[in-house]
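The structure appears below as structure tokens.
Readers should treat all values here as calculations from the given coordinates under stated rules, not as data from a laboratory. Just so you know, these numbers come straight off a predicted model, no measurement behind them. Every residue, glycine among them, receives a Cβ derived from its backbone with ideal geometry; neighbour counts consider all protein chains shown.
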Amino acid sequence: MNKILEVQNVSFGYTKDKLLFDKFSISLKKGEIKAIVGESGAGKSTLFELILNNLKPLNGTIKVSDCSQVFQDPYSSFHPSYTLLNQIEDVCATDDLQKYLELLNLDKELLLKLPHELSGGQLQRASIVRAMLMKPDLLLLDEPTSALDNVIQLEVMRMLMQNLDSMGMLLITHDMDLALWCADEVISI
């Protein structure tokens, strides 16, 4: 099976004398979930910025297939003055919209609202819907369930895991129990 993410010998630091990553490597295939865990400031979100090509490594290579991301803060992932539905329709087809809304217990009427009119949990689930509708090879998940209660968190992770036939997932989490439960490999940084 082809790799959808290959990070080879990447070194990166915001200053050259203090590296967050020194010859860091990871690869991912469709059907896999790998979890990145670590303390705040360890470089977990920076790794996603490198994968998304928003930051350039000092050394090493990063090859990534088509990807989408679920951000930790759902309020920063939507423009405040457009409805959620407008923002979803701007980036992807909505053929499977109703399916994902039902899987994530969201009413379509919520998507006609502005981001600030939803709770953090509703907005995070809308962000997951948008990411899934983009049909990525790789889904980058940065604390995707931190705004959700435990029952909904479990439902969301089960839904994501049921879609592994079409993608692979790289998960950032502080929750070691979650990482151990869902991931094929847990990487501490």
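Count, please, the residues in the stretch 58-114 that happen to be touching a strand residue (DSSP E or B) at 6+ places or on another chain (Cβ under 7 Å) and either assigned to a helix (DSSP H, G or I) or crowded, with 17+ Cβ neighbours inside 10 Å (or both).
The qualifying residues number 9.
Out of the stretch 1-36, which residues are within 14 Å of Met169 (Cα to Cα), of a type outside the set (Asp, Glu) and part of a strand (DSSP E or B)?
Lys3, Ile4, Leu5, Ile26, Ser27, Leu28, Lys29, Ile33, Lys34, Ala35, Ile36
Assess whether Ala179 counts as being part of a helix (DSSP H, G or I) and closer than 21 Å to Glu6 by Cα. Spell out the reasoning first.
Values: part of a helix (DSSP H, G or I): yes; closer than 21 Å to Glu6 by Cα: yes.
Yes: the conditions hold for Ala179.
Please state which of the following conditions Met161 fails to meet, knowing it meets all the rest: (1) surrounded by fewer than 18 Cβ atoms within 10 Å (Cβ to Cβ); (2) more than 21 Å from Gly31 (Cβ to Cβ).
The failed condition is (2).
Among the residues of the stretch 37-57, write down those that are out of contact with any Lys or Arg (no Cβ under 6 Å at 6 or more places or on another chain) and assigned to a loop (DSSP other than H, G, I, E, B).
Listed by number, the residues that qualify are Glu39, Ser40, Gly41, Ala42, Gly43, Leu52, Asn53, Asn54, Leu55, Lys56, Pro57.
Which of the residues that make up the stretch 27-44 are out of contact with any helix residue (DSSP H, G or I) (no Cβ under 6 Å at 6 or more places or on another chain), touching a residue at least 40 places away in the same chain (Cβ under 8 Å) and within 21 Å of Leu160 (Cα to Cα)?
Correct list: Leu28, Lys29, Lys30, Gly31, Glu32, Lys34, Lys44.
Just give me the residues in the stretch 68-120 being more than 25 Å from Asp137 (Cβ to Cβ) and among the basic types (Lys, Arg), in sequence order.
Lys108, Lys113 - these are the residues of the stretch 68-120 that are more than 25 Å from Asp137 (Cβ to Cβ) and among the basic types (Lys, Arg).
So which residues in the stretch 138-155 are assigned to a helix (DSSP H, G or I) and within 19 Å of Lys44 (Cβ to Cβ)?
Keep residues of the stretch 138-155 that are assigned to a helix (DSSP H, G or I), which gives 150-155.
Across the stretch 138-155, the qualifying residue is only Gln153.
Give the residues of the stretch 156-170 that are polar (S, T, N, Q) and out of contact with any helix residue (DSSP H, G or I) (no Cβ under 8 Å at 6 or more places or on another chain), sorted by residue number.
The initial filter retains those residues of the stretch 156-170 that are polar (S, T, N, Q), namely 162-163, 166.
Within the stretch 156-170, Gln162, Ser166 meet the criteria.
When the stretch 29-43 is examined, which residues are found to be crowded, with 18+ Cβ neighbours inside 10 Å and closer than 16 Å to Cys67 by Cβ? Reasoning before the result, please.
First, the residues of the stretch 29-43 that are crowded, with 18+ Cβ neighbours inside 10 Å: 32-37, 43.
Hits for the stretch 29-43 are Glu32, Ile33, Lys34, Ile36.
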